[in-house]
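Enquirer: Got a structure for you, questions after.
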Amino acid sequence: MAGKKINPTLKMLLELGPIVLFFIGYLKLKDEVFLIGGNEYKGFIVITAAFIPLMAASTLALWKLTGHLSRMQFATLILVVLFGGMSVWFNDDRFIKMKPTMLYLLFGGLLGIGLMRGQSWLKVVMEEVMPLQQQGWMILTRRLCAFFFGLAVANELIWRTQSTDTWVYFKTFGLPVAMFAFFMLQGQLFQKYGAEEEEAEPAE
């Protein structure tokens with residue numbers, strides 16, 4: 001069921017606001033160490049702890065305003081709470097860095113299962129915004145499935161081999177830009193397999 005319409009600027013602020021605030025907070029506190037309950041926590045862990053309720057609040061606000069959450073938004077929130085919570089609980093930043101890997105493996109795996117069944121599960125969640133012929137949906141689903149697995153591998157390589165600074169920049173800017181670029185590069189597919197809506201004939 002389609003959600004209610006809200007101001008596009010407000011929607012963008014709710015979706016991107018937590019990520020931007022996380023990035024700003026990280027830049028300000030990354031070199032700080034906080035003593036909490038007798039334990040030392042790096043600034044990255046403190047910012048992660050603040051990011052979890054902020055993400056939850058923004059997602060709840062989106063749900064309240066639109067009456068709808070996409071599967072990606074819901075899964076993202078669950079993984080942020082799970083892996084972010086483990087990072088804070090165990091005072092270990094590796095868990096939150098794994099979150100994008102788990103998210104992209106989840107989505108890639110789900111699309112892959114659909115493909116093995118001869119179905120495009122991407123069509124189920126995106127048909128309203130991108131009307132395509134069935135063949136177009138299957139091609140796009142295969143490409144996006146491979147793309148998600150590629151992002152999962154890239155995230156693993158970055159956080160395991162590079163500094164936390166590099167990973168934060170990659171997470172904040174690299175992943176969104178890669179996703180935007182992917183869909184921009186599908187322009188020819190959209191033109192070839194776009195399903196034009198049939199115009200209703202006027203009643204006589």
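Enquirer: Filter the range 178-204 down to the residues that are among the small types (G, A, S), at pLDDT below 95 and more than 18 Å from K123 (Cα to Cα) and list them by number.
Expert: The first filter runs over the range 178-204 and keeps only residues among the small types (G, A, S), leaving 178, 181, 187, 194-195, 200, 203.
Then keep just the ones that are at pLDDT below 95; that gives 187, 194-195, 200, 203.
Result: A200, A203.
Enquirer: Of the conditions (1) within 15 Å of the chain's Cα centre (by Cα); (2) surrounded by fewer than 18 Cβ atoms within 10 Å (Cβ to Cβ); (3) in contact (Cβ under 8 Å) with a residue 60 or more places away in the chain, M98 fails just one. Which one is it?
Expert: (2)
Enquirer: So for the range 34-44 (the condition being touching a residue at least 24 places away in the same chain (Cβ under 8 Å) and assigned to a helix (DSSP H, G or I)), does at least one residue qualify?
Expert: Yes, because at least one residue in the range 34-44 is touching a residue at least 24 places away in the same chain (Cβ under 8 Å) and assigned to a helix (DSSP H, G or I).
Enquirer: Any idea which residue in the range 92-124 is nearest to I158 (Cα to Cα), counting only those that are in a helix (DSSP H, G or I) and among the small types (G, A, S)?
Expert: G108
Enquirer: Any residue in the range 63-70 that is in a loop (DSSP other than H, G, I, E, B) and of a type in the set (S, T, Y)?
Expert: Yes; the residues of the range 63-70 include at least one that is in a loop (DSSP other than H, G, I, E, B) and of a type in the set (S, T, Y).
Enquirer: On to the next question. How about the range 111-144: which of its residues are among the polar types (S, T, N, Q) and touching a residue at least 24 places away in the same chain (Cβ under 8 Å)?
Expert: Q133, Q135, T141
Enquirer: Right, another one. Given the structure, is M86 part of a helix (DSSP H, G or I), surrounded by 14 or more Cβ atoms within 10 Å (Cβ to Cβ) and touching a residue at least 60 places away in the same chain (Cβ under 8 Å)?
Expert: Numbers: part of a helix (DSSP H, G or I): yes; surrounded by 14 or more Cβ atoms within 10 Å (Cβ to Cβ): yes; touching a residue at least 60 places away in the same chain (Cβ under 8 Å): no.
Criteria not met by M86.
Enquirer: Still on this structure: Does I47 fit the bill of being on the phi < 0 side of the Ramachandran plot, loosely packed, with under 13 Cβ neighbours inside 10 Å and β-branched (V, I, T)?
Expert: no
Enquirer: For the condition closer than 24 Å to F51 by Cβ and either surrounded by 20 or more Cβ atoms within 10 Å (Cβ to Cβ) or of a type in the set (A, V, I, L, M, F, W, C) (or both), what is the one hit in M126, M130, M179, M116?
Expert: After applying the criteria, what remains is M179.
Enquirer: Can you go through G109, G43 and tell me which one is more than 26 Å from I6 (Cβ to Cβ), outside the structural domain of A154 (by TED's automatic domain parsing) and not acidic (D, E)? Lay out the reasoning, then the answer.
Expert: Values: G109 fails: outside the structural domain of A154 (by TED's automatic domain parsing).
Only one candidate qualifies: G43.
The values are calculated or read from the model by the stated rules, or taken from the named source; none is laboratory data. In this text the structure is predicted, and so the values were computed from the model without any measurement. With ideal geometry, Cβ positions are generated from the backbone for all residues, glycine too; neighbour counts draw on all protein chains shown.
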